[in-house]
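**Q** Below is a structure I'd like to ask you about.
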Amino acid sequence: MIKHYFATALLAIASFGSAAAMAQDKPVTFRFGHTLPATDSQNIAAKEFAKRVEARTNGQIKVRVFPNGTLGNDGSLVTGVRSGTIDIGVTGNPFLTGISPNLNVLDLPYLFDDEAQAFQVLDGPIGRGLLDDLDNYGLKGLAFWDIGFRSFTNNKKPVTKAADMDGLKVRTTPNPAHIKAFELLGANPQPMAFGEVYTALESGAIDGQENPPTLILSSKMYEVQKYLSLTRHAYTAGLVFMNKRKFDKLTPEHQQIMLEEALAAANYQRELNAKHQEEALAELRQHGVQITTNPDVESIRKVVKGPVHAEFTEKYGDTVLKAIQGQP
């Protein structure tokens, strides 16, 4: 059950200098892995994070960034960071919900009205409480980065309304909310790691997928997809997490720097994504993608929002959901 997330949020600042932290007697180098292309804003933000952490710690902490699934797919990153074979990772929130069920709330369809509301929740007490819950599972949540509002691409037809989804084979994340939403729409959801999506689209194993336009562009999905519909049906955060044992071994000052710079990099990445949204759409059009800019979102919302939110509440309660819905 979801519980104590406000309490953990209120204790977050005080916990930075916990008694578990030990003096750091020599420089360390951390490996930071993710699955997105080197050209994506996530990699740019990760490199900026690495640069600023090294500068602020006077070289005591160095961070090497490995993009494009070099250290493994999304699931492997989570497993690797938990075990300590990888030090830091960032992946879409859905890939951590199997570990920390509280995080499932963030993937509900039509939860957030816009980016500003999402960022307010993620950077505030609710988000900090969700991150701190990872302490129970061998991970230290550093910050929420930005993947963005998901929109739908496919190779079969323009999607202008809910009924157009019927029968399409769609790659989703493994999050139950994403899977349930597409089932309700009559589609055939196929959960898989991000690194497998391009090949599955190219081979015809799946018809479509859903991601923000900036990521669709950076991953070159325009080469294997014909139609994009701006459904913005769910927001996905990128969660930056670290092996907790290694975090706890840092000095309190260095722990604080890691947390501060992870959040600073989040803001930097969000700015990059906001700046490039319209540019990404224009470039996708240049590559021949047909874009439906104003689909009948209400027809999709009516099918998925009520049932998926209700299923979440039945499993986990409504405390966090009501707190998010109460945000201005």
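**Q** For segment 101-193, which strands (runs of 3 or more DSSP E) that fit wholly inside it have 1 or more residues that are surrounded by 16 or more Cβ atoms within 10 Å (Cβ to Cβ) and of a type in the set (Ser, Thr, Tyr)?
**A** Values: elements: 139-154, 169-172, 188-191.
Qualifying strands (runs of 3 or more DSSP E): 139-154, 169-172.
**Q** Looking at 205, 200, can you tell me which residue is hydrophobic (A, V, I, L, M, F, W, C), touching a strand residue (DSSP E or B) at 6+ places or on another chain (Cβ under 7 Å) and surrounded by fewer than 21 Cβ atoms within 10 Å (Cβ to Cβ)?
**A** After ruling out the rest, the residue left standing is 200.
**Q** Could you please find all residues in segment 41-63 being touching a residue at least 60 places away in the same chain (Cβ under 8 Å) and in contact with a Pro (Cβ under 9 Å, 6 or more places away or on another chain)?
**A** 42, 46, 57, 60, 61
**Q** Look at residue 184 and say whether it is within 14 Å of the chain's Cα centre (by Cα) and more than 23 Å from residue 73 (Cβ to Cβ).
**A** Working: within 14 Å of the chain's Cα centre (by Cα): no; more than 23 Å from residue 73 (Cβ to Cβ): yes.
Judged against the criteria, residue 184 is not a match.
**Q** Starting from segment 302-328, take each residue that is of a type outside the set (Asp, Glu) and surrounded by 13 or more Cβ atoms within 10 Å (Cβ to Cβ) and list its partners that are modelled with pLDDT under 95 and not in a helix (DSSP H, G or I), counting only C-beta distances under 7 angstrom and pairs at least six apart or across chains.
**A** 316/1; 316/2; 317/1; 317/2; 319/2; 320/2
**Q** Would you mind stating whether residue 90 is within 25 Å of residue 255 (Cα to Cα), more than 14 Å from the chain's Cα centre (by Cα), surrounded by 22 or more Cβ atoms within 10 Å (Cβ to Cβ) and touching a residue at least 12 places away in the same chain (Cβ under 8 Å)?
**A** no
**Q** Additional query: Based on this model, can you work out whether residue 125 counts as modelled with pLDDT of 95 or more and under 29 Å from residue 323 (Cα atoms)?
**A** Judged against the criteria, residue 125 is a match.
**Q** Select from segment 242-270 the residues that are hydrophobic (A, V, I, L, M, F, W, C), assigned to a helix (DSSP H, G or I) and under 18 Å from residue 48 (Cβ atoms) and list them in ascending order.
**A** 257, 258, 259, 262, 263, 264, 265, 266
Residue by residue, here is whether (1) of a type in the set (A, V, I, L, M, F, W, C); (2) in contact with an Asp or Glu (Cβ under 8 Å, 6 or more places away or on another chain); (3) touching a residue at least 24 places away in the same chain (Cβ under 8 Å) holds:
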site: 217; (1), (2), (3): yes, yes, yes
site: 244; (1), (2), (3): no, yes, yes
site: 257; (1), (2), (3): yes, no, yes
site: 286; (1), (2), (3): no, no, no
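The values are calculated or read from the model by the stated rules, or taken from the named source; none is laboratory data. Computed from a predicted structure; not experimentally measured. Reconstructed Cβ throughout: ideal geometry from the backbone, glycine too, with neighbour counts over all protein chains shown.
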